[in-house]
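Encoded as structure tokens, the structure appears first; notes follow it.
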Amino acid sequence: MEIASQYNPQETENKWYSYWLENKLFKSVPDNREPYTIVIPPPNVTGVLHMGHMLNNTIQDILVRRARMQGKNACWVPGTDHASIATEAKVVTKLKSEGIDKNNLSRDEFMKHAWEWKEKHGGIILEQLKKLGASCDWDRTRFTMDEELYSSVIKVFVDLYNKGKIYRGIRMVNWDPSAKTAVSDEEVIYKEEQSKLYYLKYKLENEDDYITIATTRPETILGDTAVCVHPEDERFTKLHGKKVIVPLVNRAVPIIQDEYVDREFGTGALKITPAHDIHDYEIGQKYNLQSIDIFNDDGTLNESAELYIGQDRFEVRKLITKQLEEEGYLAKIDDYVNKVGFSERTDAAIEPKLSMQWFLKMDELSKPALENVNNDNINFFPKKFKNVYKHWMENIKDWNISRQLWWGQRIPAFYLPNSNEFVVAENIEKALELAKEKTGNKNLQLSDLKQDEDVLDTWFSSWLWPISVFNGINEPDNEEIKYYYPTNDIVTGHDIIFFWIARMIISGYEYRKESPFKNVYFTGMVRDKQGRKMSKQLGNSPDPLKLIEKYGADGVRIGMLLCSPAGGDLLYDDKLPEQGRNFSNKIWNAFRLVNQWPVDEKIPQPEASVRAIKWFENKFSKMLEVLDNQFVEFRISEAVMTVYKFFWDEFSAWYLEMIKPAYQQPIDALTYNKTLEFFDKILRVLHPFMPFITEEIWQLISERKNGESIVTEQIPSISNYDEDLLNNCEMVKEIISSIRNIKKEKNIPQRENVSLKVNPNSENYNNYADSIVMKLAGVESIEVVDNKVDGAASFIIKGNEYYVPLGNLINKEEEIKKLQKELDYTNGFLQSVMKKLSNERFVNNAPESVVAIEKSKQAEAESKIVSLEEQIKNLK
């Protein structure tokens, strides 16, 4: 058949992906096969494909396709996350561009806009994943705000509340002034900032003296309610029990003593602002201090600040510093490096703030999740993340699960009329029944109840993902959850080990009494070749779809994985997908080569081909064993390299050369058919890594029925292999390479035949593959001798001496001159080594390993000198 001279990935990829979908090859329903299940880490519904997604989903696809080819019922569930903060921010921005202010909309009106936005822009990323070749069961696509998943979240909230695990209270939280919501500790990113340390004078009440405090946030003095010193700091002993006046607002506040104070920081005296610092809040609770919240939700100052009302906190910092200096309260300013928390979602500086929030108690809930990672019921790859997980779980804090947003699952708490009392129920009808019971008022109406305005943290829905996608919360005994759960593997970035992995494990044990997955594979971060994080600002993040367009999906997949160690960062360079594309071309050209050979049914099979086939069968089995072990240990990058090198080196460079017919001559049918069989097997091994080109060639290699696909073919299984035969063939490769090198060094054309004489000095010698040596090395005869051969180039492999008689093949004078030059250099090198070894100080003081290396150099040089002298002698 006529095969295109060049592989066209764009044409091939669209054709075969449509074919796979039309034939529902990714669809999974429960049956009697062993299930293999992966749930996709749901990307934000606002998201578009980036390099991290490419890496993560390529690995998932490899695992799913391989499982499918192992005969398992592979189910990869796709979906998206409603991403409350990110999505609401995008909708607010869109409305603003249309002249609409969110604050002028009712909740229902806003939600209508949000759903319209989601339907228009949401899910783009899932369509983009199809370009990568993702073999998800698209009929199962889920969204965390789908009715089933929404009700699962509400049901879990009610259940945990009724178990006494959820409570409501005023606590110090991480406030995001940009999103105007609380965020959890895990959603705060700390960055080193070049800040200032401001030294401020607080006048003692009714005295002319003052005390100096140091702070990085002068704007918060407007909320100060105490100054604190260490009880054992003698500098301040005389001030115990006294009061100071807060500058500008002239508020008298006490000087208190607590061991929390670091005597070495600043002046040793600390201003206490209970409403705007977590540690100050704890001290405030301990000493019953007043708490003055001076900030609005958007980070501007409120009326409690008394000054700068309505102005932004950072602008106030500049203004108040100037005023403090003018009024004589500013002693000095020092440069200071400190860590400042920023919102992961909006990058706004976090404001510690007292707020009424909902919390989930984590201490008891988290115990099974810690125990089952510690005892390896759940495996982490790489193992190092087990310690990271353990440290967090042993220091776990209650989870702030409420967010001051509208987009998300609304908290199912319903307040009684004119009261802070509430009931918790799955819907308002059930809430009314509870409210009537609680109050004894049978006349209460639905309209009397007011639902909490907050929504739940997005992670409170995604922590249920492996259960809720199979409706296992609403219907815990349904066929799908019993068949597909627990899932097998989860692939994710290590940056969400706490956000998501830990919490999924917690919910798994709480609601299914077992882990949601058996293995967790952590990918690293994709960085540029300088090691920098990819970002739009740096302009160093390539568009994945453009890469696919340029290099083909298979090329990008291979390129991403060639240098992507588990848990280690990938340093991206365009050379990587280029290398992947070159590999695709190599596979295509190898198929074209085999396909164009004329076949003759009548000619006998050459001995070299018989030996080559036997060797390759064994080599292939050994490769499968190595590959299996790499998959068991989740060394995916190494697995890619194994198949890459196997095809490039063993199949193309060696096997095809061994069986290739002479120029314009036919190949025998037995060898040809066996070669096509090998090609078919290699394609099946390669398919999980490179789905498109393998399907294209598999369809061409033999006539296929409509609906048939390599997707559902069985992956080759390991069979026994002969290690001695493989070792012998490795020796044959060395012999061939050595003869080729001699020809190159002596300027003998590679196509010119030479004779080979062998002096076998070890048990390793046999003539099993002489026919291959003769074919590939251009050898016309092989003769066994029992002594050295004069006038020959020689080499030693496994103790056996090999001679290539040179006769009239070379210019003796030129060869002697070249060998003499090499001999002189080697003698000089030996002298430098001997100089070191004759130095007693070096021998006595250097590490044994270093001395051993020098002695090894000595032995190698002496051996080479003997060989060179022998060769010169033979040529004279």
Item to check | Options Q290, P352, I333, ranked by Cα towards positive dipole end of region 282-395, top entry (Cβ charges) | outcome: P352
Item to check | Using θ = phi - 60° and Karplus 6.51 cos²θ - 1.76 cosθ + 1.60, couplings along region 40-57 (whole Hz; Gly, Pro as x) | outcome: 5, x, x, x, 4, 4, 7, x, 10, 4, 10, 4, x, 4, 4, 5, 4, 6
Checklist entry - Considering amide H positions built from the backbone, and no H for Pro or chain starts, which residues 5 or more places from F422, or on another chain, come under 5 Å of its amide H? => result L416
Checklist outcome for this item: Rounded to the nearest 10 degrees, the helix 669-686 long axis (Cα) sits at an angle to the longest Cα principal axis of the chain of 20
Checklist entry - Where the centroid of each part is defined by its Cα atoms, how far is region 503-527 from region 654-695 in Å? => result 41
Next on the checklist: What is the percent carbon and sulfur in the accessible area of the chain, measuring with a 1.4 Å probe over the protein chains and ignoring ligands?
Outcome noted: 46
Checklist entry - How large is the convex hull of the Cα atoms of region 523-672 per residue, expressed in Å³ as a whole number? => result 119
Checklist entry - By a straight-distance test (C-alpha under 20 Å), which lysines pair with K90 as possible cross-link partners, with residues fewer than eight away in the same chain excluded? => result K102, K112, K118, K120, K180, K536
Item to check | Rounded D (µm²/s) - region 115-246, Kirkwood Rh over Cα pairs, Stokes-Einstein at 4 °C, 1.567 mPa s | outcome: 59
Item to check | Relative intensity, log₁₀ I(q)/I(0), of region 242-378 from a Debye sum that treats every alpha carbon as a point, q = 0.22 Å⁻¹ | outcome: -1.68
Next on the checklist: Given an 8 Å cut-off on Cα distances and at least 6 residues of separation, report the relative contact order of the chain as a percent.
Outcome noted: 12
Next on the checklist: Strictly over 20 Å apart at the Cα level, which of K196/K243; K131/K681; K645/K705; K271/K332 would you flag in this model?
Outcome noted: K196/K243; K131/K681; K645/K705
Item to check | Derived scalar couplings ³J(HN,Hα) [region 383-399; Karplus, 6.51 cos²θ - 1.76 cosθ + 1.60; whole Hz; x for Gly, Pro] | outcome: 5, 4, 6, 4, 5, 4, 4, 4, 4, 5, 5, 6, 10, 5, 10, 4, 9
Checklist entry - Within region 344-376, which GluC sites (Glu not before Pro) sit in a loop by DSSP and count at most 11 neighbouring Cβ atoms inside 10 Å? => result E364
Checklist entry - Given only helices, namely DSSP H runs of n ≥ 4 each adding -39500 (n - 2.57), what is the per-residue ellipticity at 222 nm of the chain, to the nearest 500 deg cm²/dmol? => result -13000 deg cm²/dmol
Checklist entry - So which chymotrypsin sites (Phe, Trp or Tyr not before Pro) in region 605-656 are both in a DSSP loop and have at most 12 other Cβ atoms within 10 Å of their Cβ? => result none
Checklist outcome for this item: Output for region 754-833: trypsin sites (Lys or Arg not before Pro) sitting in coil per DSSP, at most 16 other Cβ within 10 Å, listed by number, reads K788, K798
Next on the checklist: How long are the semi-axes of the equivalent ellipsoid of region 80-163, defined as square roots of 5 times the Cα gyration tensor eigenvalues? Whole Å, largest first.
Outcome noted: 26, 23, 9
Checklist entry - Taking θ as phi - 60°, what are the ³J(HN,Hα) couplings along region 581-598 by the Karplus curve (6.51, -1.76, 1.60), each to the nearest whole Hz, with x for Gly and Pro? => result 5, 4, 5, 4, 5, 4, 5, 4, 5, 5, 5, 4, 4, 5, 5, 8, 5, x
Checklist entry - Considering amide H positions built from the backbone, and no H for Pro or chain starts, which residues 5 or more places from I292, or on another chain, come under 5 Å of its amide H? => result A275
Checklist entry - For the chain, with every protein chain kept in place, what is the accessible area per residue (1.4 Å probe, Å²)? => result 47
Next on the checklist: As I understand it, the value is the acute angle between the Cα axis of helix 723-745 and the longest principal axis of the Cα atoms of the chain; what does it come to in degrees, rounded to 10?
Outcome noted: 70
Next on the checklist: Under a Cβ-only charge scheme (Lys and Arg +1, Asp and Glu -1), can you give me the dipole magnitude of the chain about the Cα centre, in debye to the nearest 20?
Outcome noted: 1220
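The values are calculated or read from the model by the stated rules, or taken from the named source; none is laboratory data. A quick note: this is a predicted structure, and the numbers were derived from the prediction, not measured. Note: ideal-geometry Cβ built from the backbone for every residue, glycine included; neighbour counts use all protein chains shown. Quick note on the areas: whole protein, heavy atoms, side chains included, nothing else; ligands and nucleic acids left out. Shrake-Rupley method; radii C 1.70, N 1.55, O 1.52, S 1.80 Å.
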